[in-house]
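Peer 1: Supplied in structure tokens, the structure appears directly below.
The values are calculated or read from the model by the stated rules, or taken from the named source; none is laboratory data. Only a predicted model underlies this, so the values are computations on that prediction, with no experimental measurement involved. Cβ placement follows ideal geometry from the backbone for every residue including glycine, while neighbour counts extend to all protein chains displayed.
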């Protein structure tokens with residue numbers, strides 16, 4: 001800037017020049033854009049590029065191959081809904097397996113339930129856990145719980161070779177590109193089914209019904225061939241494309257609404273949940289008409 | 001581009017140079033961005049700047065003073081939810097008043113109910129109606145229904161001077177800046193209350209609970225001083241900031257869930273609804289924990 005009187009160049013703050021934005025596009029047509037205060041850390045693991053950025057809107061955030069995964073201030077909707085909904089549809093979930101979910105948010109929510117004896121997490125990319133521990137201490141706190149068992153490795157291999165069985169298996173996967181692609185296939189879902197106890201539940205994140213309708217349609221078709229009960233529920237997740245995210249509740253026996261465990265809900269300390277509650281548990285299964293028609 | 005062999009400059013298509021984006025920011029921190037195929041029309045009315053753009057993601061869209069209001073392919077959530085929820089909580093709504101809503105979407109949905117004898121729309125900006133009629137024939141079709149009465153003028157003045165009363169008054173307003181600011185005040189809501197029949201319902205769009213928490217909190221506090229029944233419901237609206245939009249259901253007598261008119265729902269032809277259905281009617285009143293706490 002020029003001082004009008006003296007005609008001298010005034011010193012500007014370097015901060016005023018920083019105007020960096022992270023934009024995640026949907027097929028080049030629309031997107032979410034976030035002002036970035038700071039590029040905190042970038043690295044390349046054996047599996048993917050990992051970035052930590054600090055956004056002005058939602059604080060520090062994890063980015064995997066260019067997709068926002070989780071942020072400090074993202075309302076918690078995704079991690080709370082993927083864990084508490086199935087846990088409170090099962091009368092006594094003791095053994096839980098999380099595949100993916102290296103940011104720790106799912107495990108941390110699972111272990112809020114004192115009845116859970118063990119939560120195993122099988123994450124392929126050790127670096128994701130390591131980076132998230134460093135930057136998201138609250139989100140990853142469950143990873144230090146003595147009931148948490150961490151396995152670093154391919155979820156598919158683990159499911160196909162273990163002889164353990166589980167009350168609940170949660171597929172907390174990134175999008176069906178990159179390391180998670182195979183874990184969206186029917187054969188994998190069948191392997192998961194085989195590792196469930198007879199009254200077990202599987203929940204999988206199932207993408208955006210608005211932006212990924214073909215994936216959603218195919219996935220639910222496959223799941224219905226395997227599980228007697230398949231119900232979609234959704235949440236509003238402001239950092240994900242379209243902000244509209246869905247989950248597949250798949251079960252042998254328990255229904256997510258009819259078997260809602262009201263007593264255990266009342267006894268469990270979920271006071272630090274920011275999104276989940278008993279009303280949203282039920283309301284999240286109500287689907288817009290265009291989603292109902294997609295799933296027909 | 002340079003042809004590598006001949007070293008000649010190759011002609012490029014002009015289309016390849018068109019890379020125009022419309023971005024709507026929330027307090028300079030985050031935003032939604034849309035690829036724009038075409039700037040269709042821009043004008044200045046007595047009240048505001050009006051633009052029609054053609055987006056790649058959602059087709060033609062109406063922009064008022066830089067905010068996206070409605071788009072051809074926006075899923076219809078906002079207009080369907082602001083109209084069908086109150087209409088199906090009232091046993092026999094005959095006289096309906098819409099304040100604002102110049103895009104016609106609300107009126108068109110209201111008039112899907114054959115029991116409605118008259119739907120009056122009071123829009124301050126004639127230009128909005130004129131432009132929308134030209135570009136959104138389906139959305140504005142209700143404006144040509146013989147049961148529709150169009151009043152061009154200030155909604156506040158209309159409410160304060162009319163001696164008519166209504167079964168349902170819908171405040172389909174733009175954000176509380178510009179022409180709509182006064183219509184978010186308590187004194188205006190009291191005037192609306194006074195124009196309702198004793199068993200009447202008012203519904204108002206009530207902004208984003210995620211991005212406008214202070215506005216939401218103040219508005220619901222005021223509404224509770226006036227109406228015996230005040231309930232928030234929400235929808236996922238992908239073209240609005242945060243994609244999370246709320247509505248205030250305010251009533252003297254009828255409760256939006258207990259008085260849901262299941263029989264009339266079954267008899268009414270809502271087959272071209274893309275978002276609304278009986279499940280979402282109920283589910284939309286389930287609120288995330290952070291919204292519940294905001295409204296406490």
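Peer 1: Among the residues of the range B:154-166, is any closer than 20 Å to residue B:84 by Cα, modelled with pLDDT of 95 or more and buried (at least 21 other Cβ atoms within 10 Å of the Cβ)?
Peer 2: Yes - at least one qualifying residue is present in the range B:154-166.
Peer 1: If we scan the range A:72-93, do we find a residue that is surrounded by fewer than 15 Cβ atoms within 10 Å (Cβ to Cβ), in the same structural domain as residue A:240 (by TED's automatic domain parsing) and within 30 Å of residue A:157 (Cα to Cα)?
Peer 2: Yes.
Peer 1: On to the next question. Read through the list (1) touching a strand residue (DSSP E or B) at 6+ places or on another chain (Cβ under 7 Å); (2) under 22 Å from residue A:272 (Cα atoms); (3) more than 14 Å from chain B (Cβ to nearest Cβ), then give the number of the only condition that residue A:85 fails.
Peer 2: (3)
Residues are listed down the side, and each one gets a yes or a no for (1) assigned to a loop (DSSP other than H, G, I, E, B); (2) within 9 Å of chain B (Cβ to nearest Cβ); (3) free of Cβ contacts under 8 Å to residues at least 12 places away in the same chain; (4) over 26 Å from residue A:100 (Cα atoms):
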site: A:199; (1), (2), (3), (4): no, no, no, no
site: A:209; (1), (2), (3), (4): yes, no, no, no
site: A:254; (1), (2), (3), (4): yes, no, no, no
site: A:263; (1), (2), (3), (4): no, no, yes, yes
site: A:276; (1), (2), (3), (4): yes, yes, no, no
site: A:292; (1), (2), (3), (4): no, yes, yes, yes
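Peer 1: So which residues in the range A:93-111 are in contact with a helix residue (DSSP H, G or I) (Cβ under 9 Å, 6 or more places away or on another chain) and more than 18 Å from residue A:74 (Cβ to Cβ), if there are any at all? Outline the logic, then answer.
Peer 2: Looking only at the range A:93-111, we keep the residues that are in contact with a helix residue (DSSP H, G or I) (Cβ under 9 Å, 6 or more places away or on another chain), and these are A:93, A:96-111.
A:93, A:96, A:97, A:98, A:99, A:110, A:111, listed by residue number.
Peer 1: Separate question: Tell me the residue from A:9, A:52 that is in contact with a strand residue (DSSP E or B) (Cβ under 8 Å, 6 or more places away or on another chain) and surrounded by 10 or more Cβ atoms within 10 Å (Cβ to Cβ), please.
Peer 2: Numbers: A:9 fails: surrounded by 10 or more Cβ atoms within 10 Å (Cβ to Cβ).
So the residue among A:9, A:52 that is in contact with a strand residue (DSSP E or B) (Cβ under 8 Å, 6 or more places away or on another chain) and surrounded by 10 or more Cβ atoms within 10 Å (Cβ to Cβ) is A:52.
Peer 1: If you check A:234, A:243, which single one turns out to be modelled with pLDDT of 95 or more and farther than 18 Å from residue A:173 by Cβ?
Peer 2: Working: A:234 fails: farther than 18 Å from residue A:173 by Cβ.
The match here is A:243.
Peer 1: Suppose the filter is touching a residue at least 24 places away in the same chain (Cβ under 8 Å), away from chain A (no Cβ under 14 Å) and not in a helix (DSSP H, G or I); does residue B:220 pass it? Step through it out loud before you land on a result.
Peer 2: Working: touching a residue at least 24 places away in the same chain (Cβ under 8 Å): yes; away from chain A (no Cβ under 14 Å): yes; not in a helix (DSSP H, G or I): no.
So residue B:220 fails the test.
Peer 1: Quick one: would you say residue A:90 is within 30 Å of residue A:263 (Cα to Cα), at pLDDT 95 or above and within 14 Å of another protein chain (Cβ to nearest Cβ)?
Peer 2: On the way: within 30 Å of residue A:263 (Cα to Cα): yes; at pLDDT 95 or above: yes; within 14 Å of another protein chain (Cβ to nearest Cβ): no.
Criteria not met by residue A:90.
Peer 1: Could you look through the range A:25-40, keep only residues that are in contact with a helix residue (DSSP H, G or I) (Cβ under 9 Å, 6 or more places away or on another chain) and facing chain B (nearest Cβ under 10 Å), and pick out the one that is surrounded by the fewest Cβ atoms within 10 Å (Cβ to Cβ)?
Peer 2: At the first step, the residues of the range A:25-40 found to be in contact with a helix residue (DSSP H, G or I) (Cβ under 9 Å, 6 or more places away or on another chain) are A:25-26, A:30-32, A:40.
Still in the list and also facing chain B (nearest Cβ under 10 Å): A:25-26, A:30-32.
Numbers: A:25: 15, A:26: 17, A:30: 22, A:31: 20, A:32: 22.
Top of the filtered list is A:25.
Peer 1: So residue A:153 ticks every box in (1) within 13 Å of residue A:99 (Cβ to Cβ); (2) touching a helix residue (DSSP H, G or I) at 6+ places or on another chain (Cβ under 9 Å) but one. Which box is left unticked?
Peer 2: It fails just one condition, (2).
Peer 1: Please list, ordered by first then second residue, the pairs with beta carbon atoms under 6 Å, 6 or more apart or interchain, first in the range B:15-27 and on the phi < 0 side of the Ramachandran plot, second surrounded by 15 or more Cβ atoms within 10 Å (Cβ to Cβ) and part of a helix (DSSP H, G or I).
Peer 2: B:26/B:241
Peer 1: Quick one: how many residues across the range B:21-45 are under 24 Å from residue B:102 (Cα atoms) and not in a strand (DSSP E or B)?
Peer 2: Residues in the range B:21-45 being under 24 Å from residue B:102 (Cα atoms) and not in a strand (DSSP E or B): 1 in total.
Peer 1: Say whether the condition of being in contact (Cβ under 8 Å) with a residue 60 or more places away in the chain and assigned to a strand (DSSP E or B) is met by at least one residue in the range A:101-109.
Peer 2: Looking through the range A:101-109, none of the residues is in contact (Cβ under 8 Å) with a residue 60 or more places away in the chain and assigned to a strand (DSSP E or B).
Peer 1: Suppose the filter is modelled with pLDDT of 95 or more, more than 28 Å from residue B:209 (Cα to Cα) and surrounded by 21 or more Cβ atoms within 10 Å (Cβ to Cβ); does residue B:106 pass it? Even if it seems obvious, please write down each step before you answer.
Peer 2: Details: modelled with pLDDT of 95 or more: yes; more than 28 Å from residue B:209 (Cα to Cα): no; surrounded by 21 or more Cβ atoms within 10 Å (Cβ to Cβ): yes.
Against the criterion (modelled with pLDDT of 95 or more, more than 28 Å from residue B:209 (Cα to Cα) and surrounded by 21 or more Cβ atoms within 10 Å (Cβ to Cβ)), residue B:106 does not qualify.
Peer 1: To continue, here is another question. So residue A:282 passes all but one of these: (1) part of a loop (DSSP other than H, G, I, E, B); (2) more than 25 Å from residue A:26 (Cα to Cα). Which condition number does it fail?
Peer 2: Every condition holds for residue A:282 apart from (1).
Peer 1: Test each condition in (1) in contact with a strand residue (DSSP E or B) (Cβ under 9 Å, 6 or more places away or on another chain); (2) closer than 30 Å to residue A:293 by Cβ; (3) more than 9 Å from chain A (Cβ to nearest Cβ) for residue B:285 and report the one that comes out false.
Peer 2: So the condition that residue B:285 fails would be (3).
Peer 1: Separate question: Please find, among A:240, A:265, the residue that is out of contact with any strand residue (DSSP E or B) (no Cβ under 6 Å at 6 or more places or on another chain), more than 23 Å from residue A:191 (Cβ to Cβ) and buried (at least 17 other Cβ atoms within 10 Å of the Cβ). Can you show your working first?
Peer 2: Working: A:265 fails: buried (at least 17 other Cβ atoms within 10 Å of the Cβ).
After applying the criteria, what remains is A:240.
Peer 1: Determine which single condition residue B:45 fails, assuming it passes every other condition in (1) within 18 Å of the chain's Cα centre (by Cα); (2) farther than 20 Å from residue B:137 by Cβ; (3) modelled with pLDDT of 95 or more.
Peer 2: (1)
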